[in-house]
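Report on the structure given below.
The values are calculated or read from the model by the stated rules, or taken from the named source; none is laboratory data. If you're wondering where the values come from, they're calculated on a predicted model, not measured in any experiment. When we count neighbours, we look across all protein chains shown, and the Cβ atoms used for this are built from the backbone with ideal geometry, even at glycine.
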Amino acid sequence: MTFWKRHEFFINGDWVEAADANSMDVLNPASEQAIGSIALADENAVNEAVAVAKAAFPAFSRTSIEERRELLRSILTVYRNRRDEVAQAIQLELGAPRHLAYGAQTAVGESHLDGFLQALGTFEFEKNLMNGDMVVREPIGVCGLITPWNWPINQIALKVLPALAAGCTMVLKPSEFTPFNAMLYAEILAEAGVPKGVFNLINGEGPVAGAALSRHPDVAMMSFTGSLRAGAAVSKDAADCAKKVSLELGGKSPNLVFDDADLENAVKRGVRQMFNNSGQSCNAPSRMLVQHSVYEEAKTIAVKTAKQQDVGDPDQAGKHIGPLVNHIQFDRVQELIKAGIDEGATLLIGGLGKPDGMNEGYFVKPTIFADVTNDMRIAREEIFGPVLTMIPFETEEEAIAIANYTEYGLSAYVQTEDAEKAMRVTRQLKAGMVHINGAGMAPGSPFGGYKKSGVGREGGTFGLEEFLEVKTITRPKQVS
């Protein structure tokens with residue numbers, strides 16, 4: 001197996017050796033063995049990257065829309081040629097199984113490009129208002145981008161691509177747990193012709209490199225995806241400069257299953273979506289709310305589905321799930337499974353410890369709790385593992401109340417064959433995205449949430465707007 005020793009940062013279009021920086025091993029979560037090491041940026045490295053991005057901004061911000069569209073097309077071509085390299089990195093550093101790493105985890109790098117190309121084709125950067133004034137949307141400046149480990153290319157694409165499309169320059173700090181796919185992405189951008197200094201990458205830890213980036217007076221905007229705790233830290237660090245902050249944070253998404261739903265398909269789909277990516281998705285349907293009249297049947301279907309969910313080696317073919325990303329996540333998931341048991345929830349399947357026969361790696365048993373009440377920790381806190389909680393309800397009004405009784409508001413899911421009810425319920429759910437009967441979001445639709453799930457939106461036109469400032473131009477009015 002290749003050992004990636006990458007003690008460089010990508011600054012001003014070149015890999016710059018970080019000779020004096022501290023280093024960190026990157027582990028394969030399936031084996032707990034090092035697959036490489038990276039350098040960790042300090043404040044000086046952040047300052048260097050920001051200075052380069054600042055110097056590149058005037059020229060790049062004046063490029064035409066067509067030049068930037070052509071740049072995105074070039075990135076799409078190069079990405080397609082190197083997509084398998086990115087997939088291999090994600091498989092090794094995240095522990096994503098082959099079907100996921102080579103499938104959805106990397107497919108988003110293409111679909112989001114398509115979404116932003118469409119947005120650029122229709123977006124009005126200049127518009128005359130009915131009152132005679134003009135509104136101009138201009139690139140905001142140097143952007144600090146901090147991305148997570150769970151869907152790494154997804155979040156890199158949702159930040160880097162709209163920043164480029166808007167005419168901004170940037171410094172990216174990917175998760176230190178999944179850095180190699182991001183470093184490959186830097187090479188893809190360079191090969192595609194992104195001008196020197198426009199895109200820069202540093203690796204590092206959030207409290208050091210991330211904080212330095214957030215505090216930097218020459219960074220006009222911070223775009224962050226990750227935990228609520230870390231997002232609050234970014235906001236506080238950015239506050240002294242009064243810079244714009246876009247946050248995509250956590251979720252505790254309800255999945256409302258009514259008694260008139262196609263129960264078999266609805267429950268199976270909900271369980272499988274919860275276990276996908278080993279439960280490490282912010283929009284996972286982690287709370288399954290089931291109408292009482294079909295609750296017992298739903299539990300039976302859920303257990304049957306969970307028994308069919310294999311856990312295995314990411315390098316093997318098949319639809320199994322892999323490990324959690326690291327020991328921090330493993331310990332947290334174990335803590336919350338124990339909390340569910342201690343608080344009196346009914347453990348239907350799974351539970352504490354690793355699956356039988358798995359002594360190495362951060363593997364977790366696919367777990368389902370029933371008879372959960374909304375005041376339990378497993379109903380309130382984002383577990384970020386393959387753990388589903390099932391909560392019964394009697395009426396439509398009660399289901400909506402339980403669904404909304406959370407500090408989060410990212411996604412919600414509604415299962416019913418009554419189209420009028422589906423829309424009636426959907427309009428009352430406090431969530432940024434609602435999926436009816438398994439429908440997925442198309443590229444270009446806005447991704448983001450209410451309440452503590454974040455601020456702002458990503459994807460398509462809405463994501464492009466996050467990287468633009470609005471200028472009003474008044475001119476002497478013509479006298480008729």
Quiz prompt | Evaluation of VAL479 against (1) modelled with pLDDT under 95; (2) assigned by TED's automatic domain parsing to the domain that holds HIS320 (one fails), failing number | solution = (2)
Exercise. Output the residue which, of all residues in the range 383-405 that are surrounded by 24 or more Cβ atoms within 10 Å (Cβ to Cβ) and not hydrophobic (A, V, I, L, M, F, W, C), is farthest from the chain's Cα centre (by Cα).
Key: THR389
Practice problem: From GLU398, GLU382, GLU417, grab the single residue that is free of Cβ contacts under 8 Å to residues at least 12 places away in the same chain, acidic (Asp, Glu) and not in a strand (DSSP E or B). | Solution: GLU398
Quiz item: TYR413 versus (1) under 30 Å from GLY132 (Cα atoms); (2) assigned by TED's automatic domain parsing to the domain that holds ASP259; (3) not β-branched (Val, Ile, Thr): which is the lone unmet condition?
Solution: (1)
Self-check item: Residue that is farthest from GLY322 (Cα to Cα) [pool: residues in the range 82-100 that are touching a residue at least 40 places away in the same chain (Cβ under 8 Å) and small (Gly, Ala, Ser)]
Solution: ALA89
Quiz item: Of these, GLY385, GLY361, which one is small (Gly, Ala, Ser), at pLDDT 95 or above, assigned by TED's automatic domain parsing to the domain that holds GLN291 and in contact with an Asp or Glu (Cβ under 7 Å, 6 or more places away or on another chain)?
Solution: GLY361
Practice problem: Please report, ordered by residue number, the helices (runs of 4 or more DSSP H) entirely within the range 64-136 with at least 1 residues that are at pLDDT 95 or above, under 15 Å from LEU464 (Cβ atoms) and of a type in the set (D, E, K, R). | Solution: 65-94
Quiz prompt | In the range 440-480, residue surrounded by the most Cβ atoms within 10 Å (Cβ to Cβ) [restricted to those that are in a helix (DSSP H, G or I) and in contact (Cβ under 8 Å) with a residue 24 or more places away in the chain] | solution = GLY463
Self-check item: Filtered residues of the range 251-276 (kept if part of a loop (DSSP other than H, G, I, E, B) and farther than 22 Å from GLY350 by Cβ)
Solution: PHE258, ASP259, ASP260, ALA261, ASP262
Practice problem: Among what's in the range 184-203 and is in a loop (DSSP other than H, G, I, E, B) and over 15 Å from VAL219 (Cβ atoms), pick the residue that is nearest to the chain's Cα centre (by Cα). | Solution: ASN203
Quiz item: If only one of ILE156, ILE188 is touching a helix residue (DSSP H, G or I) at 6+ places or on another chain (Cβ under 8 Å) and over 24 Å from SER64 (Cβ atoms), which one is it?
Solution: ILE156
Quiz item: over 30 Å from TYR362 (Cβ atoms), surrounded by fewer than 21 Cβ atoms within 10 Å (Cβ to Cβ) and of a type in the set (A, V, I, L, M), is that true of ALA49?
Solution: no
Exercise. Kindly indicate whether ALA212 is in contact with a Pro (Cβ under 9 Å, 6 or more places away or on another chain) and not in a loop (DSSP other than H, G, I, E, B).
Key: no
Practice problem: Could you please let me know if GLY357 is touching a Pro at 6+ places or on another chain (Cβ under 6 Å), on the phi > 0 side of the Ramachandran plot and of a type outside the set (A, V, I, L, M)? | Solution: no
Quiz item: Within the set of pairs 6+ apart or on separate chains, which have a first residue in the range 346-357 that is assigned by TED's automatic domain parsing to the domain that holds MET376 and over 19 Å from ARG377 (Cα atoms), a second that is among the charged types (D, E, K, R) and at pLDDT 95 or above, and C-beta atoms under 6 Å apart?
Solution: PRO355/LYS365
Quiz item: Before we move on, is LEU164 at pLDDT below 95, assigned by TED's automatic domain parsing to the domain that holds ALA53, of a type in the set (A, V, I, L, M) and more than 15 Å from the chain's Cα centre (by Cα)?
Solution: no
Practice problem: Please specify each residue of the range 439-480 satisfying the condition of being among the hydrophobic types (A, V, I, L, M, F, W, C) and farther than 16 Å from ALA157 by Cβ. | Solution: ALA439, VAL455, LEU468, VAL470, ILE473, VAL479
Quiz item: Using beta carbons and a limit of 7 Å, which pairs, at least six apart or on different chains, have the first residue in the range 287-299 and modelled with pLDDT of 95 or more and the second one assigned to a helix (DSSP H, G or I) and not small (Gly, Ala, Ser)?
Solution: LEU289/ILE402; VAL294/LEU263; GLU297/LEU263; ALA298/LEU263; ALA298/VAL267
Quiz item: Restricting attention to the range 43-61, does a residue exist that is part of a helix (DSSP H, G or I) and under 22 Å from PHE3 (Cβ atoms)?
Solution: no
Quiz prompt | Subset of the range 333-354 (residues that are in contact with a strand residue (DSSP E or B) (Cβ under 7 Å, 6 or more places away or on another chain), assigned to a helix (DSSP H, G or I) and over 17 Å from GLY279 (Cα atoms)) | solution = ILE341
